[in-house]
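Asks: The structure's right below; bear with me while I get my questions together.
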Amino acid sequence: MLKIGICEDEKWIVDELHDLICQILFRYTDMEFMYFSDGLEVLELIKAGQFHLDLLFLDIHMDQLDGMKTADFIRKHQIDVDIIFLTVSKDHVFEGYTYKAFAYCLKPIDKKKLEEDLVRYMEEKNKCAECLNIAVRGKEYRIPLDKIIYLESEKRKVIAHTLTEDISFYAKLDDVEKMIGDLHFLRCHQSYMVNENMIDSVERTSIIAQGITIPMSRKYYEGMGTANEDDASLRVTHSLAMNREKSGAIVFVKGILVGTIIRINSDRKINLGRDASVADIVLNDTKISRLHCSVTYHRESGTYTVCDYSKNGIFNDKGERFEKETPVEIMAGEEIWLGCGENVFQLG
């Protein structure tokens, strides 16, 4: 079940968007809708603790509280929801990206563009693991549940033993169990929980998971078939915005793909061009070469490598042309103009 919110002050747009979403997503999932006519209604629901949506379509221009201020509140309070902005203007695309928006939908709504965004959303969501989010004294940890082998309680701490590392935090295993006990995690001992998907075998007094022996107490075997300043803030999150690994992005701010946000994993080379056989991002424009340019994001430095392969060139926002087939390091936030500048993207 995908819980979808539409925050839009024009009813005919709400009705149109509802129908289009149903047509596009019926083959992927069941849907449940909630409607808001202003950002204040969203905030009221959040403050009441009754906001439980997966995806929010959020209009930017509203009378009382606009979409950007609403998104700012959502992100500052770490609300677990993905956002697609709705607007008639192309002026806020990159600002929308800073609020971890998944996409940017221009009005009047283009069904083909909406379908591309929603299909991509479902594909990415299906690949994105749920995470245990831990906030300890201002520092945040995000642990994908499918990477945890088992959890161990040791005095006042819980240790998450993952496939790659051990992460410890102040918490009670009982509290963790309440959050993830129905997400394929089995309590096998007063001090242990194990990921059911990691179990190799079960014995009378132990469980073997990934070759590791974990104690099993009689109480849990037979049942199978006080907060302080050091305690961690724990919750399981589901949205792409909260669970996605740090990545770069290509944010189209002008042209045929305006509003499209393509995220890039570290050190992955993304090709842009007119020919789908050589390009990861396709721009159907005769001024775009078959392979026009490439973009690579580097997580450690937060920079990008951009390389031009085209006939019409790529330019920075000062009109300076990049040297062909020569990789150039670019800082986040820079604009790249393709050819004559009818298509422009900004690096996130």
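Asks: Set Lys and Arg Cβ to +1 and Asp and Glu Cβ to -1, take the dipole of the chain about its Cα centre, and tell me which of Gly5, Ile270, Ile288 lies farthest positive.
Replies: Ile270
Asks: A further question follows. Using a simple charge model, +1 on the beta-carbon of Lys and Arg, -1 on the beta-carbon of Asp and Glu, nothing else, what dipole does segment 246-348 show about its Cα centre, in debye to the nearest 20?
Replies: Details: 13 positive and 14 negative charges, 49 e Å.
My answer is approximately 240 debye.
Asks: How would Thr305, Thr205 line up from fewest to most surrounding beta-carbon atoms within 10 angstrom? All intermediate terms of the calculation are to be shown ahead of the outcome.
Replies: On the way: Thr305 15, Thr205 11.
Ascending number of Cβ neighbours within 10 Å: Thr205, Thr305.
Asks: Using the 10 angstrom Cβ neighbour count as an exposure proxy, how do Thr164, Thr70 rank, fewest first?
Replies: Numbers: Thr164 6, Thr70 27.
Least crowded to most crowded, the residues run Thr164, Thr70.
Asks: For segment 131-237, divide the Cα radius of gyration by the Kirkwood radius and give the resulting Rg/Rh value with two decimals. Provide the component values of the computation, followed by the final result.
Replies: Values: Rg = 13.4 Å, Rh = 14.0 Å.
That ratio equals 0.96.
Asks: Among Val119, Val236, Val202, which residue has its Cα furthest toward the positive end of the charge dipole of the chain, with +1 on Lys/Arg Cβ and -1 on Asp/Glu Cβ?
Replies: Val202
Asks: Taking the Cα atoms of segment 27-96 alone, what are Rg (to one decimal) and Dmax (as a whole number) in Å?
Replies: 12.3, 36
Asks: Still on this structure, please answer the following. List the lysines whose Cα lies under 21 Å from the Cα of Lys178, skipping any in the same chain that are fewer than 8 positions away.
Replies: Output for Lys178: Lys147, Lys155, Lys157, Lys219.
Asks: In the chain, if the dipole is taken from +1 on Lys/Arg beta carbons and -1 on Asp/Glu beta carbons about the Cα centre, which of Ile109, Val253, Gln190 is farthest to the positive end?
Replies: Highest projection toward the positive end goes to Gln190.
Asks: Using a 10 Å cut-off around each Cβ, can you sort His189, His61 from fewest to most neighbouring Cβ atoms? Spell out each step's value before the answer.
Replies: On the way: His189 22, His61 15.
By the 10 Å Cβ count, ascending, the order reads His61, His189.
Asks: Now for a different question. For every helix of n ≥ 4 consecutive DSSP H residues, a contribution of -39,500 (n - 2.57) applies; sum these over the chain, divide by its total residues, and give [θ] at 222 nm rounded to the nearest 500 deg cm²/dmol. Provide the component values of the computation, followed by the final result.
Replies: Details: 8 runs with 74 residues, N = 348.
Counting only the DSSP helices, I get -6000 deg cm²/dmol.
Asks: Hey, another quick one. Report the dimensions of segment 1-127 along its three principal axes from the alpha-carbon atoms, largest first, rounded to Å.
Replies: Over segment 1-127, Cα extents along the principal axes are 34, 30, 27 Å.
Asks: On the Cα set of the chain, report Rg and Dmax in Å, please.
Replies: 23.4, 73
Asks: Still on this model: Placing +1 at every Lys and Arg Cβ and -1 at every Asp and Glu Cβ, with all other atoms neutral, what dipole size does the chain have around its Cα centre, in debye to the nearest 20? Working shown, then result.
Replies: Numbers: 44 positive and 59 negative charges, 156 e Å.
For this selection, approximately 740 debye.
Asks: At a temperature of 25 °C and a viscosity of 0.890 mPa s, determine how fast segment 246-348 diffuses translationally according to Stokes-Einstein, using the Kirkwood radius over alpha-carbon pairs as Rh; express D in µm²/s, rounded to the nearest whole number. Please report the intermediate quantities before stating the final value.
Replies: Values: Rh = 13.2 Å.
This corresponds to a translational diffusion coefficient of 186 µm²/s.
Asks: Provide, for segment 1-127, the number of lysine pairs with alpha carbons under 20 Å apart, each pair being eight or more places apart or on different chains.
Replies: 23
Bear in mind that the values in this text are calculations on the coordinates, not laboratory data. Everything numeric here is computed off the predicted structure, so don't read it as measured data. Cβ atoms come from the backbone with ideal geometry, glycine included; neighbour counts cover every protein chain shown.
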